[in-house]
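Presented below is the structure to which this report refers.
The values are calculated or read from the model by the stated rules, or taken from the named source; none is laboratory data. Since this is a predicted model, take the numbers as computed values, not measurements. Every residue, glycine among them, receives a Cβ derived from its backbone with ideal geometry; neighbour counts consider all protein chains shown. All accessible areas refer to the heavy atoms of the entire protein, side chains included, with ligands and DNA or RNA removed. Shrake-Rupley method; radii C 1.70, N 1.55, O 1.52, S 1.80 Å.
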Amino acid sequence: EEGLHPTKYPWEHEKFTKTFDHQTLRRGFQVYREVCSSCHSLNRIPWRSLVGSSHTVDEMKAMAEENEYDTEPNDEGEIEKRPGKLSDYIPAPYKNDEAARAANNGALPPDLSLMVKARHGGCNYIFSLLTGYPEEPPPGATVAPGLNFNPYFPGTGIAMARVLYDGLVEYEDNTPATTSQMAKDVVEFLNWSAEPEMDQRKKMGIATVVITSALLALSIWVKRYKWVPIK
Ligand code: HEM
């Protein structure tokens, strides 16, 4: 059974001439850290990759250091704890899938790194999912125990309850943290995590168009110039 089709939103960062908005990525990462990270990992993202995309080196060093990581085993095979470094990956909330399921009624909160690419509908789907929980399931809908009704989730019964509520986080840039604002910010952030090279790719694309147009114009001019005496 398919879910309801998500609304198509005019995502600014999806436009060919636009890059990710750094302020949005900052807010989106804050939502991930304060809300999603208690259940969802972001396995493919090392702390360093946010440097320059949304945060400064010092900010990311400080955040990395707040976390403990295992050292490599020493000669005696002992593993110790050390503070995180920029090259470490953002830690997962659970040790393994078993622990994750045990904490979530048997359901597995999937890794979010590539979620925007992995799900049909991408940004529109995740935004709709996060903002689409009705207060009550519609009359006649059956919801299995332990599941929550969400029309956008295929099957409509989802193990994740609504997580975003107005005012849940406090943004440092004073953007009002409405449910839809947080959903938009975290979705754009998750698009960045799935495609951190997008900005670079678009800049290359535009440079390619500009350069090939210039070369084409030049070759047309040369052709006309050469053929002048013959015509
Ligand atoms: C599933 C996003 C917070 C628990 C999902 C899915 C997404 C998502 C995209 C996949 C849906 C699909 O399979 O199509 C988010 C975001 C969050 C967030 C962006 C923060 C804003 C949380 C929290 C919890 C949680 C805090 C735990 C309390 C789960 C579980 C699933 C899930 C258990 C699996 C659902 C199922 O397969 O039925 N989430 N989530 N999520 N999430 Fe979250």
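Looking at L50, L4, L42 in this structure, which one is touching a strand residue (DSSP E or B) at 6+ places or on another chain (Cβ under 9 Å) and either polar (S, T, N, Q) or within 30 Å of I158 (Cβ to Cβ) (or both)? Reasoning before the result, please.
Details: L50 fails: touching a strand residue (DSSP E or B) at 6+ places or on another chain (Cβ under 9 Å); L4 fails: touching a strand residue (DSSP E or B) at 6+ places or on another chain (Cβ under 9 Å).
Every option except L42 fails the conditions.
Which one of G140, G132, G167 is surrounded by 10 or more Cβ atoms within 10 Å (Cβ to Cβ), more than 20 Å from R27 (Cα to Cα) and either out of contact with any Leu (no Cβ under 6 Å at 6 or more places or on another chain) or at pLDDT 95 or above (or both)?
G132
Search the stretch 81-97 for residues that are under 16 Å from F29 (Cβ atoms) and among the small types (G, A, S) and pair each with any residue that is at pLDDT 95 or above and open to solvent by 70 Å² or more (accessible area, probe 1.4 Å) when their beta-carbon atoms are under 6 Å apart and the residues are at least 6 apart or on different chains.
So the pair list comes out as G84/E65.
Of these, S49, S87, which one is among the small types (G, A, S) and touching a helix residue (DSSP H, G or I) at 6+ places or on another chain (Cβ under 7 Å)?
On the way: S49 fails: touching a helix residue (DSSP H, G or I) at 6+ places or on another chain (Cβ under 7 Å).
When all the criteria are applied, what remains is S87.
Assess whether T7 counts as being in contact with a Ser or Thr (Cβ under 8 Å, 6 or more places away or on another chain) and part of a loop (DSSP other than H, G, I, E, B). I'd like the intermediate steps shown before the answer.
Details: in contact with a Ser or Thr (Cβ under 8 Å, 6 or more places away or on another chain): yes; part of a loop (DSSP other than H, G, I, E, B): yes.
Taking the combined requirement at face value, the residue satisfies it.
Where residues in the stretch 14-37 are away from the ligand (no atom under 16 Å from the Cβ) and of a type in the set (A, V, I, L, M, F, W, C), which of them is surrounded by the most Cβ atoms within 10 Å (Cβ to Cβ)?
Checked the stretch 14-37; the qualifying residue surrounded by the most Cβ atoms within 10 Å (Cβ to Cβ) is F20.
Is one or more of the residues making up the stretch 103-119 buried (at least 16 other Cβ atoms within 10 Å of the Cβ) and small (G, A, S)?
Checking the stretch 103-119: at least one residue is buried (at least 16 other Cβ atoms within 10 Å of the Cβ) and small (G, A, S).
Out of curiosity, is V210 out of contact with any Gly (no Cβ under 9 Å at 6 or more places or on another chain), surrounded by fewer than 11 Cβ atoms within 10 Å (Cβ to Cβ) and at pLDDT 95 or above?
yes
Answer yes if at least one residue in the stretch 38-51 is among the charged types (D, E, K, R), exposed (fewer than 15 other Cβ atoms within 10 Å of the Cβ) and over 21 Å from R119 (Cα atoms), and no otherwise. Outline the logic, then answer.
Step one: of the stretch 38-51, the residues among the charged types (D, E, K, R) are 44, 48.
Within this subset, residues satisfying the condition of being exposed (fewer than 15 other Cβ atoms within 10 Å of the Cβ) are none.
No.
Filter the stretch 67-102 for residues that are of a type in the set (S, T, N, Q) and either closer than 14 Å to C39 by Cα or loosely packed, with under 12 Cβ neighbours inside 10 Å (or both) and give the result.
Answer for the stretch 67-102, where residues must be of a type in the set (S, T, N, Q) and either closer than 14 Å to C39 by Cα or loosely packed, with under 12 Cβ neighbours inside 10 Å (or both): T71, N74, S87, N96.
Keeping to the stretch 125-166, report how many residues are under 21 Å from A177 (Cβ atoms) and part of a helix (DSSP H, G or I).
Counting residues in the stretch 125-166 that are under 21 Å from A177 (Cβ atoms) and part of a helix (DSSP H, G or I) gives 6.
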